[in-house]
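Single-structure report; data block below.
What follows draws every value from the coordinates through simple rules; no lab data is involved. What you see is a predicted model; the values in this text were computed from it and never measured. Cβ: placed from backbone, ideal geometry, glycine included. Neighbour counts: every protein chain shown.
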Amino acid sequence: MLFVHSLLSLFLSLSLSLSLSLAHSLFLSLSCSLSFSLLLTPSWSLFFLTHFLSLVLSFFLPFFLSHYMFFSPAPHTCPALEAPEHGRKFGSKFFTGHEVHFTCSQGYHLVGPATRLCQEDGTWSGANAICKDVSECASNPCQNGGTCVEGINQYKCTCPQNWSGSHCQHQTQTAPPEWSVTNDPAFSRRPRCAKVDHAQHCSCDAGFHMSGTSDNSICQDVNECEVYKTERGGQLCVYACVNVPGSYHCSCPQGYRLLSDGRSCEDVDECLTQQHNCSHGTTCINTGGTFQCVSPECPRPYANVSYVKTSPFQCERNPCPMDSRSCHLAAKTVSFHYLSLPSNLQTPATLFRMATASAPGRPGPDSLRFSIVGGNARSLFVMQRSDRQTGELILVQPLQGPQEVNVDMDMAEYAERNFQAKHVAKVHILVSPYNF
Ligand SMILES: [Ca+2]
Ligand SMILES: [Ca+2]
């Protein structure tokens, strides 16, 4: 009987100890076991034995249990997760290592991870998934064959080769630009590639640009002549641009040479450099791009007027008979002048000056009159006095080359209002085809 009581006491104290151990109730369990023991005390030896056991167990068991509960690492938790709007969540445990899954209602599609894991550090893997209306890409926002890809709160266009931009609206450089030389292998180079941090970096030499696909890139020559064709600051070359692999250079038309600036052209003076083939009796006249061999002729004799050549470019009237007024009125001197001009010279431009000089010790004319008396383009010129003794021939309209223009001017001398003499200057203007 006593044994049964003792066992009962032990059982009760154990069950109490167990039930209260979680609350760390060592004291309570001890007092309980004592109270039961005092109620049932006939045989002291057995009583002490059983009570000793009950004490030991009631003391240590809660201790072990509470110790275990208290000092073992508590499972980490992650913040609670909600189901996305228009979607569902599967999984309600937010402990480390647990997964939560998401799905979306019909008409919506999931953007973001379908599964998130509660990680050791108490955070969820991945980003918040949302359920999006499937119509995000429905408007076909990607042009030129681009593929619409849904993103979080946005879409992205995956563009086909040769197209770029948010809507694949731009043609990329992989398509050879118009100024790139593609049809000549001499204008292509292999890119120089190097691996930097596991990534391939390729570059082209100066004067080349990267072309082709990222897998199959090639360096193609930049056609500087085309790129700078319409530059406002002036063209690369005054005449012609020659594209070469990696660079360019300027060229000049025949009869011109390239100046040291690399872009301007200067006429070669064949007369000065003895590159002409003018025969004896003719004179070399340098012109833009070429030269001319000239031998101007004096006016044919008429009535009592005749001329003699006094220099390659000057004729003088032979002495007039005393009674011939017409002879005295004829030009006393006829001179020839050759002017080489570029095309489209800016106007007005003073081309020629005509002046008189009196012989030493003799009074000169007290007045002069200048006029244009002949030629094939009189309307392009005006004659005006620049000072008392000088007249100027002024070009008032641009001359487009190539062409040759003649203009004859005369200068009449007066002394005390009496006509003295007349001088004719025949100006031959040689306009080159180029405006340089
Ligand atoms: Ca080039
Ligand atoms: Ca020349």
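For this structure, a couple of remarks:
- Full-extension gain in nm, Gln119 to Cys278, via 0.36 nm per residue minus C-alpha separation: 47.3 nm
- Residue ranges 399-412, 184-197, 240-253 sort as 399-412, 240-253, 184-197 when ordered by packing (mean number of other C-beta atoms within 10 Å per residue, highest first).
- Charged side chains reduced to their Cβ positions (Lys and Arg at +1, Asp and Glu at -1) give segment 308-436 a dipole of some 140 debye around its Cα centre.
- Which of Asp261, Asp221 has the fewest Cβ neighbours within 10 Å, and the rest in rising order: Asp261, Asp221
- Taking the fewest neighbouring Cβ atoms within 10 Å as the starting point, the ordered list for Ile429, Ile218 is Ile218, Ile429.
- Using all pairs of distinct alpha-carbon atoms, the Kirkwood hydrodynamic radius of segment 87-146 works out to 13.2 angstrom.
- Neighbour counting of Cβ atoms within 10 Å sorts the residues Leu393, Leu272, fewest neighbours leading, into Leu272, Leu393.
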